[in-house]
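The next block holds one structure in the form of structure tokens; read it before the comments.
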């Protein structure tokens, strides 16, 4: 009986010590080590790829924002699993695609309405946008609904409207778009893209100087 109790106590003690050691290693030391390495080598990415303007964080380079006025470049539509009315900068409550089929009536209608809006909003007195110019990313959301980028074609489409509304020349705004257009990752992955948030920050600075 005494041996059984002694063995049980020894096993419980060993298990408790193992629990404490593993908790310390995997729950404290390892997370601190990984965090330290990430902060030292990948500080920007480890903190959410924050974008700063006027000395404060205004968003993330990884997450698209909604709610820009027509004075600025517009992002892709954000149609997903749900929306919130509190944080209009990040419209989606749940990230995800609508999963509607290409021939779904609701999807077709929303695309047609979005295309008409893009044509109307971006046509100016001296520049008329035709429906054939509207790229797919201007009227459809990404798989996550949070894509921060637009295609160079969609950015170019908005240049005349943005220039007119900010009292800038088309050449000035086009130069800004070209400067903020990133090529394919490693030269062959993905497509050329323009980060809308970073472009709008640069636009605001340019308009203020002008």
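Are any of the residues in region 103-111 under 30 Å from residue 209 (Cα atoms) and part of a loop (DSSP other than H, G, I, E, B)? No, region 103-111 has no match at all. Of the residues examined, residue 143 is one that is more than 18 Å from residue 204 (Cβ to Cβ) and either at pLDDT below 95 or exposed (fewer than 14 other Cβ atoms within 10 Å of the Cβ) (or both).
Among the residues of region 183-190, is there at least one that is over 30 Å from residue 49 (Cα atoms) and assigned to a loop (DSSP other than H, G, I, E, B)? No - not one qualifying residue is present in region 183-190. Here is a list: 153, 179. Which entry is under 24 Å from the mean Cα position of the chain (by Cα), free of Cβ contacts under 8 Å to residues at least 60 places away in the same chain and either more than 29 Å from residue 102 (Cβ to Cβ) or not assigned by TED's automatic domain parsing to the domain that holds residue 56 (or both)? The unique qualifying residue is 179. Filtered by the rule that a residue be over 15 Å from residue 122 (Cβ atoms), part of a loop (DSSP other than H, G, I, E, B) and in contact with a helix residue (DSSP H, G or I) (Cβ under 8 Å, 6 or more places away or on another chain), region 56-78 gives 61, 64, 65.
Condition test on residue 133, is it free of Cβ contacts under 8 Å to residues at least 40 places away in the same chain and farther than 20 Å from residue 76 by Cβ?
On the way: free of Cβ contacts under 8 Å to residues at least 40 places away in the same chain: yes; farther than 20 Å from residue 76 by Cβ: no.
So residue 133 fails the test.
Taken over region 173-195, the residue count meeting the criterion of being surrounded by 18 or more Cβ atoms within 10 Å (Cβ to Cβ) and out of contact with any strand residue (DSSP E or B) (no Cβ under 6 Å at 6 or more places or on another chain) is 3. Taken as a whole, the structure leaves residue 45 outside the set of residues that are under 22 Å from residue 201 (Cβ atoms) and loosely packed, with under 11 Cβ neighbours inside 10 Å. Within the option set 91, 115, being at pLDDT 90 or above, surrounded by 11 or more Cβ atoms within 10 Å (Cβ to Cβ) and either within 25 Å of residue 170 (Cβ to Cβ) or assigned by TED's automatic domain parsing to the domain that holds residue 190 (or both) holds for one residue only, 115.
Apart from one condition, residue 165 fits all of (1) part of a helix (DSSP H, G or I); (2) crowded, with 18+ Cβ neighbours inside 10 Å; (3) in contact (Cβ under 8 Å) with a residue 24 or more places away in the chain; the exception is (2). Please indicate, with yes or no, whether at least one residue in region 25-34 is within 30 Å of residue 197 (Cα to Cα), under 43 Å from the mean Cα position of the chain (by Cα) and either without any contact (Cβ under 8 Å) to a residue 60 or more places away in the chain or assigned to a helix (DSSP H, G or I) (or both). Within region 25-34 (the criterion being within 30 Å of residue 197 (Cα to Cα), under 43 Å from the mean Cα position of the chain (by Cα) and either without any contact (Cβ under 8 Å) to a residue 60 or more places away in the chain or assigned to a helix (DSSP H, G or I) (or both)), the answer is yes, since at least one residue qualifies. Out of curiosity, is residue 97 touching a residue at least 12 places away in the same chain (Cβ under 8 Å), outside any helix (DSSP H, G or I) and over 19 Å from residue 197 (Cβ atoms)? Spelling it out, residue 97 is indeed touching a residue at least 12 places away in the same chain (Cβ under 8 Å), outside any helix (DSSP H, G or I) and over 19 Å from residue 197 (Cβ atoms).
The values are calculated or read from the model by the stated rules, or taken from the named source; none is laboratory data. Bear in mind that the values here come from a model prediction, so they are computed numbers and not experimental data. No Cβ is skipped: glycine too gets one built from the backbone with ideal geometry, and neighbour counts run over all protein chains shown.
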